[in-house]
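The values are calculated or read from the model by the stated rules, or taken from the named source; none is laboratory data. Since this is a predicted model, take the numbers as computed values, not measurements. Every residue, glycine as well, gets a Cβ built from its backbone with ideal geometry; the counts of neighbours run over all protein chains shown.
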């Protein structure tokens, strides 16, 4: 005799669905589903990682241009160097380097009391010790006593970050021309230059100084290709200011 199952139980049993496929087939399908889910999860994690890495690189580049000193300390965007300031600072610093009229007064205003300078190329050409940092006074005395004529320079490149200026130029007092590169570090609280890294064509400098090593059969020539004038910074090109 059939048992009198409760109504709810009979309904559950009558509507129950059973997978009658062999267990091996069900296992394969389950494994395939798990593998697909795992692959999708891994792909998502990789995509998220790449996006985060890209964001880090982009932030670092923008921060270098806009908000971060070379020391890594934060500064307000408004306090960073402008393009006009970078140009004016290089112009005044050039007048000090090449001893234009009034250069000592410009130096007093432009160069910080704790300024220091490093240039193995210039030291070598002047028979001075290399790998030595020079104080502000040493720097001014060296420039004042250098037996080179007054001259003008042609700027090829000026680039700036928040508190540094890269300046590439050719000095044109006489032949051969001397090309030099400077990195100037600016104290943003005073707008003064407090450090300079400079390298120069020491061979051309020695020739202009009349050093005996550059006499006799020593020859040189200058091509006419030239370099375009280029000025870059936070205000133009990459890192455009808002």
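For the list (1) at pLDDT 75 or above; (2) loosely packed, with under 12 Cβ neighbours inside 10 Å, I need the number of the one condition that residue 215 fails.
(1)
Scan segment 178-188 for residues that are in contact with a helix residue (DSSP H, G or I) (Cβ under 8 Å, 6 or more places away or on another chain) and farther than 13 Å from residue 98 by Cβ and jot them down.
Residues satisfying the conditions are 179, 184, 186, 188.
So is residue 140 at pLDDT 75 or above and not in a strand (DSSP E or B) or not?
Taking the combined requirement at face value, the residue satisfies it.
Can you find even one residue in segment 194-211 that is surrounded by fewer than 12 Cβ atoms within 10 Å (Cβ to Cβ), in the same structural domain as residue 92 (by TED's automatic domain parsing) and either more than 30 Å from the chain's Cα centre (by Cα) or modelled with pLDDT of 75 or more (or both)?
There is at least one residue in segment 194-211 that is surrounded by fewer than 12 Cβ atoms within 10 Å (Cβ to Cβ), in the same structural domain as residue 92 (by TED's automatic domain parsing) and either more than 30 Å from the chain's Cα centre (by Cα) or modelled with pLDDT of 75 or more (or both).
From 169, 191, which residue is out of contact with any strand residue (DSSP E or B) (no Cβ under 7 Å at 6 or more places or on another chain), modelled with pLDDT of 85 or more, assigned by TED's automatic domain parsing to the domain that holds residue 105 and within 24 Å of residue 102 (Cβ to Cβ)?
Every option except 191 fails the conditions.
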